[in-house]
Amino acid sequence: MLPCTGLGCSRAAVLKLCFYFAVDFALRVRCIVELNKVSILKACSPYKKMKNGGDLLLSIGEFSKICRVSTKTLRYYDEIGLINPDEINPDNGYRYYSMRQLKKMLFINRLKSYHFSLEEIKAVLEWEEDQSEEKLCSALNRKRREIQEKLNTLEYTLKQMSNDLLNLEQGIPMMSHLDNIEVQLVETEPMNILYIRQMMSSDDYAAGYGKFFSRLYEKITAEKLTLLGTPMTIYHSPDYNPARNDTEFAIPIEETVKGTRDLPGGLCAKSVLKGSYSELTSVYAKLTEWVENEGYELVNSPYEVYVTDPNQATVAENMVTEVYFPMRKTSIGVTRE
């Protein structure tokens, strides 16, 4: 039973009050349906009308209010073809949305809350009906993994902050962990690598690792190639550019086929990180300092070897990454005793 109905309030008045004060989307839609049943909406509001055939149409303002999406956003969604008005008045340009579009708009909002991009949402809406359920399950699973990775990173960050606070309270400098990063001088062997080289933005990396390594593994499986090592990433850009970084994704294999090349061996400074990838900047800083202080210089692009496969890593503390700086001795250098 609706509130106030026993206190002399009309059913239509109560429904209208419920509609304007309801927070829950489903309750607001129910109010509209009930109001339509008692023929109130059309009489009460100049912004609503009936479509030919009897379907209730909502003005863009009312549709916006129900769905909690701004009219500016609705116009943009129309522009990019995400959701279009059911009808546009040719005389005044007023936009109207049908009741059946409420469900579609709610679906769009739900996907947005799951961090789907507008491009991804549009692709979902365009899937054939007989394939949509299977594809949607796959897309949701992918997004869930991405969100879980972000949660893992945040949990690691919180743990790291707690450790820093504890160290500071004990009088230990916050960056003292740099002194604990070990650097080794090693000789590496040449490798035959299957690779994909791409220009990447900083935002692309999280998805890029899975995407490009997956392609390499698919080729290895399809052509029955022989794995000789774990995935690796080679960074060719001379400096960091958030918009464009020359990045090579690679996996060592035995066979020489299309898409492979030689990675030269030689003298390298090497460090091993056990923990989150976010700590790699500290490793790079330590290696750079060590190379300079020991009188060496880089001769090739630095690279990372993921001893723990990025696609298999679940807990940040268990991830093991090796970082290599290919180098040579400078003609004039300062050697630390």
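Tabulated results
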| quantity | calculated |
| --- | --- |
| Conditions (1) charged (D, E, K, R); (2) part of a helix (DSSP H, G or I); (3) open to solvent by less than 70 Å² (accessible area, probe 1.4 Å); (4) out of contact with any helix residue (DSSP H, G or I) (no Cβ under 9 Å at 6 or more places or on another chain); number of the one not met by Glu292 | (3) |
| Members of the range 80-89 found to be within 16 Å of Ser117 (Cα to Cα) and either in a helix (DSSP H, G or I) or of a type in the set (Val, Ile, Thr) (or both), listed by number | Ile80, Ile83 |
| The range 268-281, residues that are open to solvent by 50 Å² or more (accessible area, probe 1.4 Å) and in contact (Cβ under 8 Å) with a residue 40 or more places away in the chain | Val272, Lys274, Tyr277, Ser278 |
| Selected residue (only one of Tyr240, Tyr284 is open to solvent by 60 Å² or more (accessible area, probe 1.4 Å), out of contact with any Gly (no Cβ under 9 Å at 6 or more places or on another chain) and hydroxyl-bearing (Ser, Thr, Tyr)) | Tyr240 |
| Matching residues in the range 261-283 - criterion: being of a type in the set (Asp, Glu) and assigned to a strand (DSSP E or B) | Asp262 |
| Test: residue in the range 248-256 that is in contact with a Pro (Cβ under 8 Å, 6 or more places away or on another chain), among the β-branched types (Val, Ile, Thr) and open to solvent by less than 30 Å² (accessible area, probe 1.4 Å) | yes |
| Top-ranked residue of the range 217-260 - restricted to ones that are in a strand (DSSP E or B) and over 28 Å from the mean Cα position of the chain (by Cα), ranked as farthest from Gln198 (Cα to Cα) | Leu227 |
| Lone unmet requirement of (1) out of contact with any Ser or Thr (no Cβ under 8 Å at 6 or more places or on another chain); (2) open to solvent by 40 Å² or more (accessible area, probe 1.4 Å); (3) at pLDDT 90 or above; (4) polar (S, T, N, Q) for Gln198 | (1) |
| Boolean, Tyr209 is in contact (Cβ under 8 Å) with a residue 40 or more places away in the chain, of a type in the set (Ser, Thr, Tyr), over 30 Å from Asn293 (Cβ atoms) and in contact with a Lys or Arg (Cβ under 7 Å, 6 or more places away or on another chain) | no |
| Residue count, the range 149-163 (criterion: surrounded by 11 or more Cβ atoms within 10 Å (Cβ to Cβ) and either in a loop (DSSP other than H, G, I, E, B) or of a type in the set (S, T, N, Q) (or both)) | 5 |
| Qualifying residue in the range 306-320 (condition: modelled with pLDDT of 95 or more and open to solvent by less than 30 Å² (accessible area, probe 1.4 Å)) | no |
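Yes or no, residue by residue, for (1) over 30 Å from Leu280 (Cα atoms); (2) in contact (Cβ under 8 Å) with a residue 12 or more places away in the chain; (3) assigned to a strand (DSSP E or B):
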position: Asp78; (1), (2), (3): yes, yes, no
position: Asp91; (1), (2), (3): yes, no, no
position: Lys104; (1), (2), (3): yes, yes, no
position: Val124; (1), (2), (3): yes, yes, no
position: Ser132; (1), (2), (3): yes, no, no
position: Leu136; (1), (2), (3): yes, yes, no
position: Ile147; (1), (2), (3): no, yes, no
position: Leu165; (1), (2), (3): no, no, no
position: Leu168; (1), (2), (3): no, no, no
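The values are calculated or read from the model by the stated rules, or taken from the named source; none is laboratory data. For clarity, every value in this text was computed on a predicted model and none was experimentally measured. Quick reminder, even Gly has a Cβ in these numbers, built from the backbone with ideal geometry, and neighbours come from all protein chains shown. Ligands, DNA and RNA are stripped out before the accessible areas are found, and what is left, the full protein with its side chains, is counted by its heavy atoms. Shrake-Rupley method; radii C 1.70, N 1.55, O 1.52, S 1.80 Å.
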